[in-house]
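Heads up, the thing below is written out as structure tokens.
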Amino acid sequence: MATHIPNPAEIQRDWLLIDLEGLTVGRAASKIAGLLRGKHKVVFTPHLDVGDFVVCINADKVKFTGSKLDQQTYNKFTGFLGNMQTRTAREMLAKKPEVVISSAIKRMLPKGVLGRQTFKKLKVYAGTEHPHQAQNPKPHQL
């Protein structure tokens, strides 16, 4: 009996809405990465992108456990000598809370073409407003 491999034309993609208010960053990121890859579906195939689109709101209201808020660092390097910028998680939550969530999820996805393709289906917003009302995302509990 042969194993069925889904055709890219027959893959059903849903839009999911996730409220991150009060959730821990790492635990939420691992579950969102699984949704993006499609691990919750019956037709999951490791070498194909069968996951759903995920819209995350309230990224500025996530939690860090322990003292990670001051110890976790985010580096940005422009490519020029001496231009490495390091910020703590507390500073990043104040300035760019979307980067905190998206970088945690990106690190949990596979590296390479499949991971980059999967990451494009993630939309993260700091507040409750998002421009994806037309897609009618379904609320999803983590």
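The values are calculated or read from the model by the stated rules, or taken from the named source; none is laboratory data. Keep in mind that this is a model prediction, so the values were computed, not measured. No Cβ is skipped: glycine too gets one built from the backbone with ideal geometry, and neighbour counts run over all protein chains shown.
Of the candidates V62, V55, V43, the single residue that is touching a Pro at 6+ places or on another chain (Cβ under 9 Å), closer than 25 Å to K138 by Cα and loosely packed, with under 15 Cβ neighbours inside 10 Å is V43. Identification of helices (runs of 4 or more DSSP H) wholly contained in the range 60-142 with 3 or more residues that are of a type outside the set (S, T, N, Q), more than 16 Å from A29 (Cβ to Cβ) and free of Cβ contacts under 8 Å to residues at least 12 places away in the same chain yields 89-95. Restricting to the range 65-102, count the residues that are surrounded by 15 or more Cβ atoms within 10 Å (Cβ to Cβ) and among the small types (G, A, S). Here the count works out to 2.
Search the range 1-19 for residues being β-branched (V, I, T) and at pLDDT 85 or above, and hand back the single one that is farthest from L35 (Cα to Cα).
So, considering only residues that are β-branched (V, I, T) and at pLDDT 85 or above, the one farthest from L35 (Cα to Cα) is I5.
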